[in-house]
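The values are calculated or read from the model by the stated rules, or taken from the named source; none is laboratory data. None of the values given here were measured: they were computed from a predicted structure. Don't worry about glycine lacking a Cβ; one is built from the backbone with ideal geometry, like all the others, and counts go over all protein chains shown. We work out accessible area using only protein heavy atoms, side chains counted, and drop any ligands, DNA or RNA first. Shrake-Rupley method; radii C 1.70, N 1.55, O 1.52, S 1.80 Å.
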Amino acid sequence: MLLLVVTFGFAMMFGLTGAAIDRMLMPLRFGLLERQASGKLAIVEMDAESAAAIARWPWSRSNYASVVDRLRKAGAASIVFDVDFSSPSDTAGDRAFAAALHRARGLVALPTFGQGASSQDRRTIDALPIPMLRADVAMASVSIRPDPDGQVREMTMATMTAGQPRPSLSAYMTARSGVVDQEFPIDMSIDPSTIPRLSFVAVRDGRFDPAAVRGRNILIGATAVEMGDRYGTPQWGVLPGVVVQALAAETLTRGVPSRGSRTLMLLVAATIALAMLSRRSPIGSIVCATLGIGLLVGAVLYAQHVLLVTYPIATAAAMIGLTGILCLTREVTDRFRSQRAMDEATGLPNGRALLDWSRRSDSVILAVAQVGNFDAIRAVLGEAKTSDVIRRVSERLALVGEDNLVFRTTEQQLTLFLPQEQPVNDTLHGLRAIMLQPVEVGGRRVDVAMSFGITTGPSADMERLLANAALAAEQAKSADMFWKRADADVAELERSISMMGELDNALANGEVEVFYQPKYDLAQQRIASVEALVRWRHPERGFIGPDLFIPAAERSNRIAPLTLHVLSQVIRDVAAWRPHHPHVTAAINISAKLLSSASFNAAVEELVGSGNVPASALVFEVTESAAMADGAAAVAALRRYRKLGIAVSMDDYGTGQSTLSYLQQLPLSELKIDRSFVQFAHRNDDDAILVRSTIELAHALGLKVVAEGVEEPGCYAFLESVGCDMIQGYLISRPIPVDALNRLLDGEYRWAA
């Protein structure tokens, strides 16, 4: 009952939002039972053809006189205008129209409406036909009141103009009575394209079939776009006002629709919700919800289209949906409570209980005990007796476990917390003596082979600790040891293995993206180059940092396809920006493992040779340590790149042990000073000396210098003063995707110091 009260309260608070959702759902409700117009009404439309034929605006009312005469003679049941006649036109035309209205003898209705006095005056002035036209006609209101969102959904039965109640145009045409400002919903299931239409100029000239008019109510109004008078509708988009009026009249042809009670819908929904809550099984609740919603929707559609009563459904549906969520939550909670804390077979606390208990302490010593001969014991004793063995083993472990607690975390493993006040060696030495004794179950003595894995760490990282200890227990078993301390981060190992298994698919699926960090030329004061940096956006794990997957790719020999993927993307991007920014080159990082790879170098030659950019637009960056790892191979590979026309840059200079003579051997074109020396060079004299001397050395060798890690204006000013060629860092830009880079380049980036 409490759940029902909560649901009902939510539904009441949902009221305003529910009304908005009901408006959104209304097109669907109308669309499910779309129907044609009754055929009792036709529109004479002042369309583009008529506007072109008459060729001046406002039209002479002699045109309307001709149309009235033609329609009257053709046998129209009534003629109703949705045209403003509140101002005089040409005298001859007005007289001709008045004469035609007199001849029609009450067959014609002219519009009346309210309009604002001026843009500064909020008063409403009633607009009526000019006196000359009033004598022989009825007057009907053509006021349309859109909702706040600009959509027309309702029409009034009558309004007050000039102190008199006037029927709305639709009420007049269908002879329906109502009170002033009484609104009714327009039936948008009526397809407006099925309402018969005649062109105004065709009627004026007698070019129409009288059968299309005879016995019908005729509505005359503008449909040409240039005449304005258009309104938005939720089902049919923007429609001319005369068509909206026609839809309202078609609605009243079947009767006067009304709005149903939201309270009644809530009571029905509450009944369904109560039935759902009374079912204890989720299947029963789902069946009740499905049948209830089906009956509710069916009843609402029947009431709307047959009984002409429109009931709001969103709040009721939300109430049923929320009840369904509560039922599901209740079921999940019940199951969670029953299964969370205990292992079903042994009655021991399980892994969930372990996680809950571990939160009581900041740091723990975790021990995982693995039953090495579990399968053999189960094969001999069966499931029930094996569970007894596990219980007997847990009783022994509890003697040394903190708070005497032992958890069954897997079928073959028990987990406990060792006391922190004594050395682990001492605890396990005593435990080994206990575990050497056979376990007695059902009159049988069973030898249980045990191995232990031990790990220490914060309880907040319990899952990782448990995985580490479990692996250590398995390793102890394999090595025929009683216990082993965990020395590997299993979570990282698993992530690395899994991640590399997904890298190939990630490359194929476009999950691996290339970002660019600009290099800013201090002399030319513009971006002269960019460094390509790889980013992996995993669909499930989210962003994976390059510091995680690039080393893993190197270890698993997947760095070559990753680098070739980046190179291929860079060539495409350079080709795209080169027509507008031909001076901007792009740098790609090359792993030390790849410098001596013949297959990789052959693939590079093929990519560069088949690309749409010259090799001179590319720069290969190698780290100082990579260049020194295999000197001869590095020199040969780098010379091969230079022969292709690719510039070569030494990255992270200063962190290795390269000598001047070695630098002379390498075919370099650029030297990048590591950020660790650059970042505080404007404040640290030692760093400043190193940076200045490196720049002088590089310039003496004919190399350009790039300073990494520039984040402060002071650092920028220092590097400019010592003649550094280019800078790179967050002061200029973070790594950004290619579309953002293009915007940056197109903006003619200029540094303002």
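Rounding to the nearest 10 and keeping the result within 0 to 90°, find how far the Cα-based axis of helix 241-253 lies from the longest principal axis of the chain. The answer is roughly 80 degrees. Note on residue 301 and residue 538: the model spin-label points, each 7 Å out from Cα along the C-beta direction, lie 4.6 nm apart.
When both bridge partners sit in the chain, DSSP labels roughly 50% of those beta bridges antiparallel. Report in % the part of the accessible area of the chain that belongs to carbon and sulfur, leaving out ligands and nucleic acids; probe 1.4 Å. The computed percentage sits at 54.
Apply 1/(1 + (r/R0)^6) to the Cβ-Cβ distance of residue 194 and residue 283, taking R0 = 45 Å, and write down the FRET efficiency to the nearest 0.05. Step by step, r from the Cβ atoms, then E = 0.50. Placing unit charges on the Cβ atoms only, positive for Lys and Arg and negative for Asp and Glu, gives the chain a dipole magnitude near 3420 debye about its Cα centre.
The tail of the calculated P(r) for region 28-88 beyond 19 Å holds 49 percent of all Cα-Cα pairs. Fully extending the segment from residue 383 to residue 38 would add 116.6 nm, taking 0.36 nm per residue of separation and subtracting the current Cα-Cα distance.
Between residue 485 and residue 264, what's the calculated FRET efficiency when r is the beta-carbon distance and R0 is 56 Å? Round to 0.05.
The computed FRET efficiency comes out at 0.20.
The calculated FRET efficiency for residue 434 paired with residue 274, based on their beta-carbon distance and R0 = 56 Å, is about 0.45.
Considering all C-alpha pairs of region 179-304, those separated by over 24 Å amount to 53%.
Accessible surface for residue 136 stands near 50 Å², nearest 10, in the context of the full protein assembly shown (1.4 Å probe). Residue ranking by accessible heavy-atom surface, 1.4 Å probe, largest first, among 653, 516 comes out as 653, 516.
Across region 470-486, coupling constants 3J(HN,Hα) worked out from phi with the 6.51/-1.76/1.60 Karplus curve, θ = phi - 60°, read 5, 5, 4, 5, 5, 5, 5, 4, 5, 8, 6, 10, 6, 8, 8, 7, 5 Hz, and Gly and Pro carry x. Angle, helix 631-644 long axis vs. longest principal axis of the chain, Cα atoms, 0 to 90°, nearest 10? So the helix axis and the longest Cα principal axis differ by about 30 degrees. Dividing the convex hull volume of the alpha carbon atoms of region 666-753 by its residue count gives 111 Å³ per residue. Calculated from the alpha-carbon coordinates, region 547-651 shows an Rg and a Dmax of 13.5, 40 Å respectively. Using DSSP loop states and a limit of at most 13 other Cβ atoms within 10 Å to flag trypsin sites (Lys or Arg not before Pro), what is the longest stretch of the chain containing no flagged site? The answer is 361-540. Each of residue 643 and residue 92 was given a label point 7 Å from its Cα along the Cα-to-Cβ line. The distance between the two points is 9.7 nm.
Please work out the Cα convex hull volume for region 159-245 and give it in Å³ per residue.
On the way: hull volume 12.4 nm³, N = 87.
Once divided by residue count, the hull of region 159-245 is 143 Å³.
Length, then width, then depth: along the principal axes, the Cα atoms of region 669-711 run 28, 17, 11 Å.
Taking each residue as 0.36 nm, the span from residue 53 to residue 746 lengthens on full extension beyond its C-alpha to C-alpha distance by 244.3 nm.
In the set (1) 12, 21, 21, 27, 15, 3, 0; (2) 15, 48, 29, 7, 0; (3) 15, 44, 27, 10, 3, 1, 0, 0, which value of P(r) over Cα pairs in 20 Å bins from 0, in percent was calculated from the structure you see? Computed from the coordinates, P(r) over Cα pairs in 20 Å bins from 0, in percent corresponds to (1). Taking the C-alpha atoms only, the angle from helix 685-700 to the longest principal axis of the chain is near 90 degrees.
Between residue 162 and residue 181, the contour length at 0.36 nm per residue exceeds the Cα-Cα span by 5.3 nm. If every alpha-carbon in region 86-208 counts as one equal scatterer, what log10 I(q)/I(0) does Debye give at q = 0.11, 0.16, 0.22 1/Å? Log10 of I(q)/I(0), two decimals: -0.50, -1.03, -1.35. Note on region 574-620: the C-alpha convex hull projects to 3.3 nm² when averaged across all orientations.
Counting only helical runs of four or more DSSP H residues, what would the 222 nm mean residue ellipticity of the chain come to if each run contributes -39,500 (n - 2.57) and the total is spread over all its residues?
Mean residue ellipticity at 222 nm (helix-derived): -14500 deg cm²/dmol.
Taking all protein chains together and rolling a 1.4 Å probe, residue 311 ends up with roughly 50 Å² accessible. Extent of region 371-445 along its three principal axes (Cα atoms, max minus min coordinate, largest first): 39, 23, 18 Å.
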